[in-house]
C-alpha cells in the first residue's frame, strides 16, 4: 500500500488531527476547508459450521442461518468528513464533522439503509505546547490497535446480514473497540517521536449479554436477553496513551502503552445471586473497571510486523464494559491480543497479510451455580488472510478470508468462515 493511501486510511478515522491527512483543500478567507473520506463496498459470504449458544460470541450460529450473503461496507464505513483549519491568536484551530452512510439494506421498502454521525469535534493548540480536543471522535484506548489492523481496508469478521453499517474487522478477536465517544483530551507536542494523550470521556453503562434468570429453550436458537444496563455519570471515564515512533536507516516502528478506567455505580445485590438496579445509585455497590494495553509495530523493506496485548478487570470484551460484571456486581477478568504480518510485493504493490488474535473473558467462581452463565462467551478467536491491491493511488481492491471461532464457558464452540471481495476508494 503506497504512502498516500496509508495516510488516507488513518485520516478517515482521525480526520484533521493533522492537515497532512486532508483530502481536498479549499481556501476560504482565513480558513482552509478540508473534505476527505472513502467509499467502499464488499460482497460478503459467511458459512456457519455449528449451532451452539454462545452469548457474546462473534462466530455466526448455524441455527440462525448456515449460509448468509450480503453486499455491505467493511470495517471502515463509507465516510465523508467536512472540516476546516486556521491560525488565530497564535493558535491552530480546527474542526471536523463526519457522516457515514450505510451500503446495505435487509429488505424491500427500507430506503437507503442505516447511517451514522461518528465525529463532531474541534481542536485548538500550538506545536510548542500541544493540542486540546473537545467533542465526539474515536476513543483513545484501542485506537492504535484498530489503526494497525490490516482488516481496516477490508471486512474481517461480522455477520453477512444486510442492513448493518459496518462489519467488525478484528474487533473482539484481539482488541476492544475504541468506539466513538464524547471526550476532552490533551495531546502533547511531538518530542522527537514521543507523544502522549490523556483526557476524560463520556462514562458508559455496564452491559450484559447473558441473564441468570433467562429461560433457555431446548434449541440452540435461544438467545438470552440483555440482563442489565447500569451506569452513572457521577464521574467520567479516564483514558490515556503514550507512543514512541522511530526510524533508523530502512527500519521504522512504533511502540505504545494505553489505559482506560471508569467507576460503575448502582450494582445492588439482591442477596440471591441476582443483581437489581434501582435509581438510587448512591446506595448501590460501586466498582472501578480498568484495562491496560501495549503494542508495537516494526517495518522493514515492505514487511511489517504488529503485536498487541490487553488485560482488564471489569472492562469486559469486544466493547468496553460489555460483560465486564457478573450478576452480583463482581468484576470479570478479560484479556486478549493479536499478531499480524504483512508484505508489499515490490513489482506490483499488492500487500498480502495474515493475522491471528483472540479475546478472552473469565467468569467468576460463584457464577458456576447459574446454568445460563455456561453459555457466556469465553473466547472469540479469528484467523485472517488477505490481499490488498492498489489499483490506483486512490483505489484498493481487497480479498479476504477469515475463520472465526467462539467458545462458551463449557467449551461448546461455534465456527464460521467469511469470504469477501470488493474495493475501497479514498479521497
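The packing ranking of peptides 256-267, 118-129, highest mean first, is 256-267, 118-129, where packing means the average number of other beta carbon atoms within 10 angstrom of each residue. Label the range 327-393 by shape, choosing from rounded, prolate and oblate, from the square roots a ≥ b ≥ c of the eigenvalues of the Cα gyration tensor; if a/c is under 1.5 it is rounded, and otherwise prolate applies when a/b is larger than b/c, oblate when it is not. Prolate is the answer for the range 327-393, as a/c is 1.5 or above and a/b outweighs b/c. The residue 192 and residue 69 beta-carbon pair, evaluated with R₀ = 51 Å, returns a calculated FRET efficiency of approximately 0.50. Shape class of the range 289-334 from the alpha-carbon gyration tensor: prolate, with a/c at 1.5 or above and a/b greater than b/c. For residue 127 and residue 92, the difference between the fully extended length at 0.36 nm per residue and the C-alpha to C-alpha distance is 11.8 nm.
When you restrict to C-alpha pairs under 8 Å that are six or more residues apart and normalise by the size of the range 284-350, the relative contact order lands at 32 percent.
A simple spin-label model places pseudo-atoms 7 Å from Cα toward Cβ; at residue 286 and residue 117 they are separated by 3.3 nm. Under the simplified labelling scheme, the residue 411-residue 366 pair shows an inter-label distance of 2.7 nm, with each label point 7 Å from Cα along Cα→Cβ.
Short-range pairs are left out: with C-alpha atoms under 8 Å and at least six residues apart, the relative contact order of the range 286-427 is 15 percent. Stretching the chain fully between residue 347 and residue 26 yields a gain of 112.0 nm (0.36 nm per residue, less the alpha carbon separation). A prolate overall shape is assigned to the range 277-427, the ratio a/c of its alpha-carbon gyration tensor axes (a ≥ b ≥ c) being 1.5 or greater and a/b exceeding b/c.
Every number in this text was worked out from the coordinates using simple rules, so none of it is lab data. None of these values were measured; they are calculated from a predicted model. Note: ideal-geometry Cβ built from the backbone for every residue, glycine included; neighbour counts use all protein chains shown.
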